[in-house]
Amino acid sequence: MILIVDSGATKSDWIALDEDGNKLFFTQTLGLSPEVLTREIIQDRLANNFELNKHRKEVTHLYFYGAGCGTVRMRKFLNSIFSNYFVNAKIDVKEDTYAAIYSTINPDEPAIVCILGTGSNCSYWDGSQLIQKVTSLGYILMDDCSGNHFGRKLIRDYYYHKMPSKLSTKFAQQYDLDADVIKNHLYKEPNPNTYLATFARFIIENKDEEYSQRVIKNGMQLFIDNAIKQYEVAKTVPVHFVGSIAYYLQKELKEKMEENGLRVGNIMRRPIDGLVEYHKNIIFS
C-alpha cells in the first residue's frame, strides 16, 4: 500500500493506492506541522484516525508533503515518528512546496509556485530544482497574505476600532472575541496559526466590502513585494498558486498580479489530486 499525503497547517489529506495504482481510501487528519506540534500530538493525530491505524502495517511507501518541513531537522523529526508508526514503510518527507509544484505544473518547465493557505510560501522551480530565496520564519514574522495573516489583521482592527461599525458588529456575532479566549488560543493551545486562520473566512465572506477589499489587496501586495519579486524571472514565467486563500480570492489575486505585471498560471484549492496523478505517473508508468 502506498500513502500520498498533502499536509497543511490546518488539515492533512491522505490517499492510499494499491500496487496497481488504484485508490483504496481517502482520509483526513488535522495538520501535522512539526514546527508547531509536539511528538505526542502528532502521534495522537495518527493513532486517532481509524483508516491509518487499521492499515498502518500494510503501508510500504509513504510520500509525505507537509507545511513546516522546510528544514532537515523538521523532516528528520517527522521521519522518526512515521517510521515508528508505519513500521514496514519507506518514508519520504518533503516540504509542501513540492506538492504545489508537482500538482500545478509540468515539472520540466520553469515557474514560480506559491502557497496561500493557512500559511504562505513562494518558490522558484527552474525545471529541475527548487530555489527558495527567503527562509520562512513562520506565522509570527512572515506568512504575508495567508489565512493567519488576515486573521491577525481582523482581530487587531477590531480591537483598535479600525473596522467599520457594521462589519465590527457582524464580526463579534460570528466569533468569540473575548480577550481571554483569544489569548488562551494564541499562547496556551496548540496551532495558534491555524486558530488565526479560522478568522480569514470572515474576510472571504465579506470580500466585497470596501474595508475587506483594502485589507485583501494590501495583503496581496505585501506577498508580491516580499516573496514573488525576490525572483528576477518573476515577469517572465507563470506564477502558480495553491491554497484556499488563493482559490477563494482569485479574482482579487489576478487583478493585483496584473497590476504588477505578473502572469497567473494555475490556481488550485488542494494539491492532493494532482499529487496523486504525479506519483502514479512516476511509480506505475
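Among the residues that make up region 7-30, is at least one of them part of a helix (DSSP H, G or I) and surrounded by 20 or more Cβ atoms within 10 Å (Cβ to Cβ)?
no
Quick check on region 71-95: of everything there that is in a loop (DSSP other than H, G, I, E, B) and of a type in the set (Val, Ile, Thr), which residue is farthest from Thr38 (Cα to Cα)? Write out each step before concluding.
First, the residues of region 71-95 that are in a loop (DSSP other than H, G, I, E, B): 71, 86-89.
With the extra rule that they be of a type in the set (Val, Ile, Thr), the set shrinks to 71, 87.
Working: Thr71: 16, Val87: 20 Å.
The residue in question is Val87.
Yes/no matrix, rows are residues, columns are (1) modelled with pLDDT of 95 or more; (2) surrounded by fewer than 23 Cβ atoms within 10 Å (Cβ to Cβ); (3) under 24 Å from Pro192 (Cα atoms); (4) not aliphatic (A, V, I, L, M):
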position	(1), (2), (3), (4)
Val72	no, yes, yes, no
Asn88	yes, yes, no, yes
Asp92	yes, yes, no, yes
Ser120	no, no, yes, yes
Ser146	yes, no, yes, yes
Gly151	yes, no, yes, yes
Ile155	yes, yes, yes, no
Tyr159	yes, yes, yes, yes
Asp176	yes, yes, yes, yes
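Condition (residue is touching a residue at least 60 places away in the same chain (Cβ under 8 Å) and touching a Pro at 6+ places or on another chain (Cβ under 8 Å)) applied to region 1-16: is it met by at least one residue?
yes
Just name the residue that is surrounded by the fewest Cβ atoms within 10 Å (Cβ to Cβ) out of those in region 244-266 that are more than 18 Å from Arg214 (Cβ to Cβ) and touching a residue at least 24 places away in the same chain (Cβ under 8 Å).
By that ranking, first place goes to Gly261.
Any residue at all in region 79-92 that's under 16 Å from the mean Cα position of the chain (by Cα) and among the β-branched types (Val, Ile, Thr)?
no
Tell me, which residue of region 104-137 that is charged (D, E, K, R) and free of Cβ contacts under 8 Å to residues at least 24 places away in the same chain is nearest to Gly151 (Cα to Cα)?
Among residues in region 104-137 that are charged (D, E, K, R) and free of Cβ contacts under 8 Å to residues at least 24 places away in the same chain, the one nearest to Gly151 (Cα to Cα) is Asp126.
Which condition number does Leu3 fail, the rest of (1) part of a helix (DSSP H, G or I); (2) surrounded by 22 or more Cβ atoms within 10 Å (Cβ to Cβ) being met?
The number of the failed condition is (1).
Please go through region 114-141 and pick out each residue that is over 20 Å from Met74 (Cβ atoms), in a strand (DSSP E or B) and more than 12 Å from the chain's Cα centre (by Cα).
Tyr124, Trp125
Taking helices (runs of 4 or more DSSP H) that fall entirely within region 142-224, which contain at least 3 residues that are free of Cβ contacts under 8 Å to residues at least 40 places away in the same chain?
On the way: elements: 147-159, 165-174, 179-187, 192-197, 200-205.
Where helices (runs of 4 or more DSSP H) fall fully within region 142-224 and carry at least 3 residues being free of Cβ contacts under 8 Å to residues at least 40 places away in the same chain, they are 147-159, 165-174, 179-187.
Would you please name the residue that is surrounded by the most Cβ atoms within 10 Å (Cβ to Cβ), looking only at residues in region 212-243 that are hydroxyl-bearing (Ser, Thr, Tyr) and closer than 18 Å to Ser123 by Cα?
Looking at residues that are hydroxyl-bearing (Ser, Thr, Tyr) and closer than 18 Å to Ser123 by Cα, I get Tyr231.
The values are calculated or read from the model by the stated rules, or taken from the named source; none is laboratory data. This structure is a prediction, so every number in the text was calculated from the model and none was measured. Don't worry about glycine lacking a Cβ; one is built from the backbone with ideal geometry, like all the others, and counts go over all protein chains shown.
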